[in-house]
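S.K.: This is the structure I want to talk about, given as C-alpha cells.
Throughout, read-outs are computed from the coordinates displayed, never taken from laboratory work. Here the structure is a predicted model, which is why all the values come from computation and not from measurement. We place every Cβ from the backbone using ideal geometry, glycine too, and count neighbours over all the protein chains shown.
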Ligand code: ADP
Ligand code: MG
C-alpha cells in the first residue's frame, strides 16, 4: 500500500532524510519511533506529499509521488492524516469540520456528508457533540473528531504523527482505543508514536529512526523481543522510554 524507496531529502544544506526505504502492506500497522529531530514527521509528511523530497520515490496504492504527472491533491485526499495538535477548524462546528472536505474535495452532497460524518462521530463516541465547536471539547475529544474527519474521506491509509503527545495523560487512552479499533478493522496505518503499549498491542512492525535514517525496521516480536539484539542507538532510545 505504501512503498518508500531510497528517499533523500534536504532542507537547504541539511540532509533530513537519508536513503529511507520501507514498505507497508495493506492492513499492516507500522509504528515509527525515534528521538526528537530524527525525521519521523518529515518522513510521514512525505508519504502524504505535504513535504517534497529531492531523491527517491514513494508509491501510495500504486500512485507515484515523484511522478510529475501525479495529481497530488487527489492522492492526498486518499491519505488520512492525524496530527499532534488536532488542527480542527476552530470557527466551524464539529459537524462542519467533518463535512467540509467531503463536500469541497469529494463533491458529496451536504446530506450525504453529514450522514457519513455523524456515523463516524458516533463511532468515536461523540455523537452528542455534533453541534459544538472544537474549543468546547477536551483535547482527547478533539483528537477523536480529527480521526473521524480523516476517516470521512474513505482513506486507503491513515498516517498518525504523535496523536497523543499533546494530550493530558488521562485522555491518551480514549484516543489510543480508537486507533486500536481501527487497526483491528484492518486499516493500513503508519503511526509515529512513543506509546509502546500501543505498539505491542497492534503493530505488525516497528521502525526506529535516528538522524534521518531508518536504523531498525523489524517485526514487533523482534523489536521488543531481545533488546540487546537491537542497534546501540535503539537500545539507548528504548532505555529512556520503556
Ligand atoms: P521528528 O518528527 O523526528 O522530531 P522532524 O521530521 O520534525 O523530526 O525534523 C527532523 C529535522 O529536520 C530536525 O532537525 C528539524 O529541526 C529539521 N526540520 C524540520 N522541519 C524543517 C524545516 N521546515 N526547515 C528546516 N529544518 C527543518
Ligand atoms: Mg515529529
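S.K.: Could you check, for region 35-52, whether at least one of its residues is under 22 Å from residue 211 (Cβ atoms) and away from ligand 2 (no atom under 16 Å from the Cβ)? Talk me through it step by step, then tell me what you get.
M.R.: First, the residues of region 35-52 that are under 22 Å from residue 211 (Cβ atoms): 35-47, 50-52.
Adding the requirement that they be away from ligand 2 (no atom under 16 Å from the Cβ) leaves 52.
For region 35-52, residues under 22 Å from residue 211 (Cβ atoms) and away from ligand 2 (no atom under 16 Å from the Cβ): present.
S.K.: When residues of region 191-242 are filtered for being in a strand (DSSP E or B), without any contact (Cβ under 8 Å) to a residue 40 or more places away in the chain and under 22 Å from residue 180 (Cβ atoms), how many remain?
M.R.: Let us first name the residues in region 191-242 that are in a strand (DSSP E or B), namely 191-192, 205-210, 213-219.
Subsequent filtering for residues that are without any contact (Cβ under 8 Å) to a residue 40 or more places away in the chain retains 216, 218-219.
Filter once more, so that each one left must be under 22 Å from residue 180 (Cβ atoms): 218-219.
Number of matching residues: 2.
S.K.: Restricting attention to region 219-233, and to residues there that are within 17 Å of residue 203 (Cα to Cα) and touching a strand residue (DSSP E or B) at 6+ places or on another chain (Cβ under 7 Å), which single residue is surrounded by the most Cβ atoms within 10 Å (Cβ to Cβ)?
M.R.: 223
S.K.: Sort out which residues of region 149-173 are outside any strand (DSSP E or B) and within 20 Å of residue 26 (Cα to Cα), and write them in order of number. Reasoning before the result, please.
M.R.: Residues of region 149-173 outside any strand (DSSP E or B): 149-156, 162-173.
Within region 149-173, 150, 151, 152, 153, 154, 155, 156 meet the criteria.
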